[in-house]
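Visitor: Quick one: this structure, given as structure tokens, is what I'll be asking you about.
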Amino acid sequence: METAWDDQLRTAGLRVTRPRLSVLGVLAEHPHVDADTIATAARAVHPSISPQAVYGVLRALVGAGMARRIEPAGGPALYELRVGDNHHHLVCRGCGVVADVDCVVGEAPCLAPSDAAGFAVDEAEVVFWGVCADCQGSRAPSTQQVRQRSEREWAHDRRRIAGPRSQ
């Protein structure tokens, strides 16, 4: 049975495999998630998928330009399918939610260093930090609380996205 991803995988030079289709399905539903969350959610449709297989699929998708890996400070690497458009990210210091934001310049690089040190700069990765509307409405977090999300919060997000485990 053909899926919407089959042609894209083949065009990118990748074989169509069940693990790749499972990971792409999770990323389509849940952008900006870490590999452990992806593995947990992918098991809902592919129960035997291993964490190692998920990492391999993510590496292949990023390498082929089908997915993007972002690394906000203080948290695990996150993955998304929005690629090739020079967009940036907003990260909430309170809850860690990540939102896409279009680049106002449009073309990469949208920033230039004061001294390129001989580099031919072709990209600038911009991450904006702040407090999301939901966190602004709740009590203000302390400075220590907003500096870094705890591993417990990331684990909670993984469980929330994956939903109840099928038996």
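Visitor: Taking the stated definitions as given, is Gly94 on the phi > 0 side of the Ramachandran plot and part of a loop (DSSP other than H, G, I, E, B)?
Guide: In short, no.
Visitor: Of the residues Ala60, Ala41, which single one is closer than 23 Å to Gly13 by Cα and in contact (Cβ under 8 Å) with a residue 40 or more places away in the chain?
Guide: Ala60
Visitor: Oh, and also: Is there a residue in the stretch 133-145 that is of a type in the set (A, V, I, L, M, F, W, C), over 17 Å from Pro72 (Cα atoms) and at pLDDT 70 or above?
Guide: yes
Visitor: Looking at (1) crowded, with 18+ Cβ neighbours inside 10 Å; (2) hydrophobic (A, V, I, L, M, F, W, C); (3) over 13 Å from the mean Cα position of the chain (by Cα), which is the one condition that is false for Leu58?
Guide: Of the numbered conditions (1) crowded, with 18+ Cβ neighbours inside 10 Å; (2) hydrophobic (A, V, I, L, M, F, W, C); (3) over 13 Å from the mean Cα position of the chain (by Cα), the odd one out for Leu58 is (3).
Visitor: Can you spot a residue in the stretch 96-106 that is surrounded by 15 or more Cβ atoms within 10 Å (Cβ to Cβ) and not hydrophobic (A, V, I, L, M, F, W, C)?
Guide: The answer is yes; a qualifying residue exists.
Visitor: Taking the criterion of being in a strand (DSSP E or B), closer than 18 Å to Glu123 by Cβ and of a type in the set (Lys, Arg), would at least one residue in the stretch 70-90 satisfy it?
Guide: No, the stretch 70-90 has no match at all.
Visitor: Any chance the stretch 104-125 includes a residue that's touching a strand residue (DSSP E or B) at 6+ places or on another chain (Cβ under 7 Å) and at pLDDT 80 or above?
Guide: Within the stretch 104-125, not a single residue is touching a strand residue (DSSP E or B) at 6+ places or on another chain (Cβ under 7 Å) and at pLDDT 80 or above.
Quick grid of which residues meet (1) touching a helix residue (DSSP H, G or I) at 6+ places or on another chain (Cβ under 7 Å); (2) in a loop (DSSP other than H, G, I, E, B); (3) over 10 Å from Tyr79 (Cβ atoms):
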residue	(1), (2), (3)
Ser22	yes, no, yes
Pro31	no, yes, no
Thr37	yes, no, no
Thr40	yes, no, yes
Gln52	no, no, yes
Leu58	yes, no, no
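The values are calculated or read from the model by the stated rules, or taken from the named source; none is laboratory data. As the structure is a prediction and not an experimental result, all values here were calculated from the model. Quick reminder, even Gly has a Cβ in these numbers, built from the backbone with ideal geometry, and neighbours come from all protein chains shown.
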